[in-house]
1. Look through 61, 84, 53, 105 and report the one residue that is aromatic (Phe, Trp, Tyr) and surrounded by fewer than 19 Cβ atoms within 10 Å (Cβ to Cβ).
2. In region 6-35, what residues are part of a helix (DSSP H, G or I) and either within 16 Å of ligand 2 (Cβ to nearest atom) or closer than 18 Å to residue 58 by Cα (or both)?
3. Looking only at region 292-332, filter to residues that are hydrophobic (A, V, I, L, M, F, W, C), outside any loop (DSSP other than H, G, I, E, B) and surrounded by 14 or more Cβ atoms within 10 Å (Cβ to Cβ); which one of those is modelled with the highest pLDDT?
4. Report, ordered by the first and then the second residue, all pairs with beta carbons closer than 9 Å, sequence separation of six or more or different chains, a first member in region 261-287 that is outside any helix (DSSP H, G or I), and a second member that is among the hydroxyl-bearing types (Ser, Thr, Tyr) and surrounded by fewer than 18 Cβ atoms within 10 Å (Cβ to Cβ).
5. I'm checking my understanding of the structure. Among residues of region 215-237 that are over 21 Å from residue 45 (Cα atoms) and buried (at least 22 other Cβ atoms within 10 Å of the Cβ), which one is farthest from ligand 2 (Cβ to nearest atom)?
6. Take the residues in region 333-391 that are assigned to a helix (DSSP H, G or I) and of a type in the set (S, T, N, Q); name whichever of them is surrounded by the fewest Cβ atoms within 10 Å (Cβ to Cβ).
7. For residue 351, which of the numbered conditions (1) within 17 Å of residue 304 (Cα to Cα); (2) more than 35 Å from the chain's Cα centre (by Cα) fails to hold?
Amino acid sequence: MTTDKSQQDQVLIFDTTLRDGEQSPGATMTHDEKLEIASLLDEMGVDIIEAGFPIASEGDFKAVSEIAKRSRNSVICGLARAQFGDIDRCWEAVKHAARPRIHTFIGTSPLHRAIPNLTQDEMAERIHETVSHARNLCDNVQWSPMDATRTEHDYLCRVVEIAIKAGATTINIPDTVGYTAPRESADLIRMLLERVPGADEIVFATHCHNDLGMATANALAAVEAGARQIECTINGLGERAGNTALEEVVMALKVRNDIMPFRTGIDTKKLIHISRRVATVSGFPVQYNKAIVGKNAFAHESGIHQDGMLKNAETFEIMRPEDIGLSETNLVMGKHSGRAALRAKLAELGFELADNQLKDVFVRFKALADRKKEVYEDDLLALMRDSGSDP
Ligand code: KIV
Ligand code: ZN
């Protein structure tokens, strides 16, 4: 297993916060907010930004066009159904980018085939026509068999082969309803790589939803099996239980690079800022215990943990807060806190206490902590004032 970064396989990060994320009911963003998030994604090193669904509305078309014009490094992608009109509209929006991509899709599982009422052969023909049409407009074309994880394997292999022959350069395998599990996610990618002619010449992507809470695990399993693009969103924003969270897969690949030797181009120090901006503009707050970017992800309240943290941060943290752009670990003062943390917090506030003074303050601190959920710096200052101490 190589540890030399330059020798490791690159995994492309495809962010769909502005498309799949925004599809989350209530997460609509304004035009200016979308431009701001796109520019943060671009600066952070996202390889491909799915900026919207241009046929969906005039507003989406304008946002995708403007993001395309302003893009600097990222590929700018728009989504289109398997219809010529959708694909043309998508191209009109993304063509302004230095590096445009058209992403076209159709539902291939039995349930999804029933909606347009197409036979397997009719759908295969539609895929051939639409992917060829997209490829005549743009040399970077992504195709997705929606609900791939519930599509019959033989049919999936057949349509993936058709899309590759028609010119698709990326094949995305969506777990549209968050139904798969890690082993199955890996087996599916492996099966496609083995069975589909031409599969080794294109990039396979993984696009997971989180209905069973397995989106991150499923995406990483797909990468281990050969997928080289992860589709994800900031904070895991997305319909129902959301999509794979960008910050989770990126930090997992960084922290456990010893067992998953892949690299991404993401500047992880920008993660916390973009997470907060997406939470604000989407109106979807991040849950406190959310991995990587939750308020409590680097916070410790229990006495044993705080003591360990004060001696050696690695005792209870597997990554450094600075790695995601936070200035420091947060030792939350509450009823579970111990004497060592109280001493350290008071020292930060300028109070150096002798052991007997600390003993006295600790008793009053615990009484206060029993009445309050969290003891803030102002509470500690008041406690010290009441005991007649000056910093
Ligand atoms: O979940 C899904 O299947 C999608 C496709 C449009 C790629 O978002
Ligand atoms: Zn999706």
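1. Of the residues listed, the single one that is aromatic (Phe, Trp, Tyr) and surrounded by fewer than 19 Cβ atoms within 10 Å (Cβ to Cβ) is 84.
2. Within region 6-35, 17, 18, 19, 20, 21, 31, 32, 33, 34, 35 qualify.
3. That would be 324.
4. Once the first residue is outside any helix (DSSP H, G or I) and sits in region 261-287, its partners that are among the hydroxyl-bearing types (Ser, Thr, Tyr) and surrounded by fewer than 18 Cβ atoms within 10 Å (Cβ to Cβ) give 261/2; 261/3; 263/6; 283/28.
5. So the residue we want is 221.
6. 356
7. (1)
For (1) without any contact (Cβ under 8 Å) to a residue 40 or more places away in the chain; (2) under 30 Å from residue 263 (Cβ atoms), each residue gets a yes or a no:
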residue: 16; (1), (2): no, yes
residue: 33; (1), (2): no, no
residue: 63; (1), (2): no, no
residue: 76; (1), (2): yes, yes
residue: 84; (1), (2): no, no
residue: 89; (1), (2): yes, no
residue: 113; (1), (2): yes, no
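The values are calculated or read from the model by the stated rules, or taken from the named source; none is laboratory data. Note that this is a predicted model, so its numbers are computed, not measured. Counting neighbours? That spans all protein chains shown, and the Cβs are built from the backbone with ideal geometry, glycine included.
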